[in-house]
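Notes follow the structure.
The values are calculated or read from the model by the stated rules, or taken from the named source; none is laboratory data. Given the structure is predicted, the values throughout are model-derived calculations rather than measurements. When we count neighbours, we look across all protein chains shown, and the Cβ atoms used for this are built from the backbone with ideal geometry, even at glycine. Remember, those area values only see protein heavy atoms, side chains included, never the ligands or the DNA or RNA. Shrake-Rupley method; radii C 1.70, N 1.55, O 1.52, S 1.80 Å.
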Amino acid sequence: MAAQFSPLEVETTAMGSQLDALNQWVMDVALLTQPDRIQWCDGSDSEFAELIAQMEGDGTLLPLNQETHPRSWLHRSHPDDVARVEHLTFVCTTDRDDAGPNNHWMAPTEAHAKMDALFAGCMRGRTMYVIPYCMGPIDSPLSRCGVEITDSPYVVANMRIMTRMGAAALARIEREGQFVRGLHSIGELDPERRFIMHFPEELTIQSYGSGYGGNALLGKKCHALRIASHQARSEGWLAEHMLILGVENPQGRTHYIAAAFPSACGKTNLAMLIPPEGYRTEGWKVWTVGDDICWMRPGADGRLYAINPEAGFFGVAPGTSEASNPNALATVQRDTIFTNVGLTQDNQPWWEGLDKRVPAFDWRGDAYDCNAGKPAAHPNARFTVSARQCPSWSPKAEDAQGVPISAIVFGGRRASLVPLVFEARDWTHGVLVGAAMGSETTAAATGAVGVMRRDPMAMKPFCGYNFADYFAHWLSFDQPGAQLPKVFHVNWFRKGSDGKFLWPGFGDNLRVLEWMLGRVEGQADAEATPIGAVPRAEDVRLDGLALTDEARSVLFGFDRDGWNAEFAALEGFLDEFGDRMPDALREERNRIAAELSAG
Ligand code: GTP
Ligand code: SPV
Ligand code: MN
């Protein structure tokens, strides 16, 4: 059936589509890229097994120790292709201002010409895979679909884990008639010939020259954040770089929390939190709904309802251990693709922070030299695994209606100034808190690590349109009848005078979540300050923690002079957006700045 719409001399698997627009696009792409073969992916087990066998055969995947890690593999990427490339990522809107100063911009005609030249003939000798996928539960009104065309079997295997991929997604696409078009080729994996282009007005993505997750699994950051944020703005919802978790208290009541932290700043870890021992004994539980992306929209009762558009985790491996994140470790014991981790002598995956064993090979496959001072795993080494394998996977995670959100949390890596937690006064203040977020850069993107930058709502690399319009969109949710979540800010990464983290983090972060939910239910105390409500040390349960006096005063303190300087700098940031920046945010900043300087 598929062969009839392809004028090319190519071998095509059956399936094809009932949707002329999809068939036509696949044919146009094939004419441009000239693949030897077209494979429509149905998402079946047999298709997955064939892909894996093929990749084992050509060395793309190395089978791991099947006794300790059944059906799990190591993929070693090209050494220059290990992270997102923000400097090569563009938002191509007709009007430059629609992309905003927060994005790299290129005119759509110029970008199309550039990409057409790169894609021309690039799939000669290769198979072109057509991947219909659904972001979110297949039956959810909040879900959205796309089709990714790629020449990378590694991408197909990862998309099968990360999305609802195949026949069911195709059926929904045929019913709806609309889908996001993503075209990807690994090209020559040449950093000089690499671009990640977004055309939000055309619901189109074009990615060339990288096989790395965020650049190549187009359902993830490209669709579910950059394109979806654009769609969400016009349709009245939010597409956010947030984890979603449920906290069940000893009375059996569950509150859901969504939290935006920048890349490699703790979303996966918080989403899979295991309560500290005392809390476990009392009956506290944490349920994982999502670890990276959250789509939210107001329900009939005025509350925000959230779904996780993803079906798997593409998580940071280094630092994951039995002590820090036992749930993640349990999740990746089988049916997992590891990318750029090290290997032990007996073929088990290994990364820094896992345990005390000494690995035999580093992520490039070279013999590991423990005296060379280089890590065995790449700092941005990742695992791809189905979310259903996670022991804390929430029974509500695949609910078509989503979960109601009680609290929104912003946070980043801030060595100084920012206390452990504070609460915004109201929604407008909360939007300003998100807009003002800053964090130190991490290995999730190429470039320097540890540099402070502004990363509003953890969306600096992911917002598909002008931040000023984005903040205005956030403000617009404050409507009569809305039951908006409370907004908080956290900082797990405050350092002491010895340069070490002052807060133990990980499971103990539940102590902070408990305080937040106490605020939501009107039970917990705090001190009002110009930056918001800050708990005193006695307002948060710290039993069993050995916090130093410095930790207590700094984590629960408020540094007026430091915040004065922070708010002065914030004015400059808001001004970068000129008239487009909503007055309400400027007024909110002015009000707090005045309070701060009034002393
Ligand atoms: P992306 O997948 O890139 O979006 O990252 P993420 O936000 O999910 O980050 P993740 O949870 O994978 O954490 C990244 C790093 O931060 C890991 O090395 C963790 O060990 C470390 N980390 C996470 N939570 C904490 C914490 O509470 N305290 C400290 N000190 N480190 C943490
Ligand atoms: C991130 O960098 O925020 C990630 C990994 O979650 S990627 O899919 O590469 O964006
Ligand atoms: Mn992320």
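Taking the Cα centre of the chain as reference, the dipole from Cβ charges on Lys and Arg (+1) and Asp and Glu (-1) amounts to some 540 debye. Relative contact order of region 230-371, taken over Cα pairs closer than 8 Å and 6 or more residues apart, is 19 percent. With all protein chains in place and a 1.4 Å probe, the accessible surface of region 482-578 carries 46 percent carbon and sulfur. Placing +1 on the Cβ of every Lys and Arg and -1 on the Cβ of every Asp and Glu, with no other charges, gives region 124-180 a dipole of roughly 120 debye about its Cα centre. Accessible surface calculations at 1.4 Å, restricted to protein heavy atoms, place region 28-116 at 46 Å² per residue.
Accessible surface area normalised per residue over region 287-426 is 35 Å², counting heavy atoms of protein chains with a 1.4 Å rolling probe. Mind jotting down the distance between the C-alpha centroids of region 56-98 and region 307-343, whole Å? Cα centroid of region 307-343 versus Cα centroid of region 56-98: 15 Å apart.
For residue 527 and residue 117, a Förster radius of 60 Å and the Cβ-Cβ distance give a FRET efficiency of 0.50, rounded to the nearest 0.05. A dipole drawn for region 451-561 from +1 and -1 charges on Cβ atoms has a positive end, and of 470, 501, 551 the residue lying farthest that way is 470. Residues in region 131-255 average 25 Å² of solvent-accessible surface per residue, probe 1.4 Å, ligands and nucleic acids excluded. Placing 394, 476 in order of accessible area, with the largest value first and a 1.4 Å probe, yields 476, 394. Considering only GluC sites (Glu not before Pro) in DSSP loops that have at most 12 other Cβ atoms within 10 Å, the longest stretch of the chain without any of them is 68-321. In the chain, helical runs assigned H by DSSP with n ≥ 4 each contribute -39500 (n - 2.57); averaged across all residues and rounded to the nearest 500, the mean residue ellipticity at 222 nm is -8000 deg cm²/dmol.
The apolar share of the surface of region 230-354, taken as the fraction of accessible area on carbon and sulfur atoms (1.4 Å probe, ligands and nucleic acids excluded), comes to 49 percent. Positive-end ranking of 113, 62, 130 along the dipole of region 51-157, with charges on Cβ about the Cα centre, is headed by 62. Measuring r between the beta carbons of residue 573 and residue 67 and using R0 = 51 Å, the FRET efficiency lands at 0.45. Rounded to the nearest 0.05, the FRET efficiency derived from the C-beta distance between residue 476 and residue 399 at R0 = 25 Å is 0.45.
Taking each residue as 0.36 nm, the span from residue 345 to residue 11 lengthens on full extension beyond its C-alpha to C-alpha distance by 116.0 nm. With the cut-off at 31 Å, tell me which of the pairs 220/500; 396/500; 267/495; 221/374; 356/486 have Cα atoms farther apart than that. Long pairs (Cα-Cα over 31 Å): 220/500; 396/500; 356/486. Dipole check for region 443-599: with +1 at the C-beta of Lys and Arg, -1 at the C-beta of Asp and Glu, and the Cα centre as origin, the magnitude is about 400 Debye. Based on C-alpha pairs under 8 angstrom that are at least 6 apart in sequence, region 47-165 has a relative contact order of 17 percent. In region 417-536, if the dipole is taken from +1 on Lys/Arg beta carbons and -1 on Asp/Glu beta carbons about the Cα centre, which of 528, 456, 439 is farthest to the positive end? Of the candidates, 439 comes out farthest on the positive side.
Of the solvent-accessible surface of region 115-194, computed with a 1.4 Å probe and all protein chains present, 48% belongs to carbon and sulfur.
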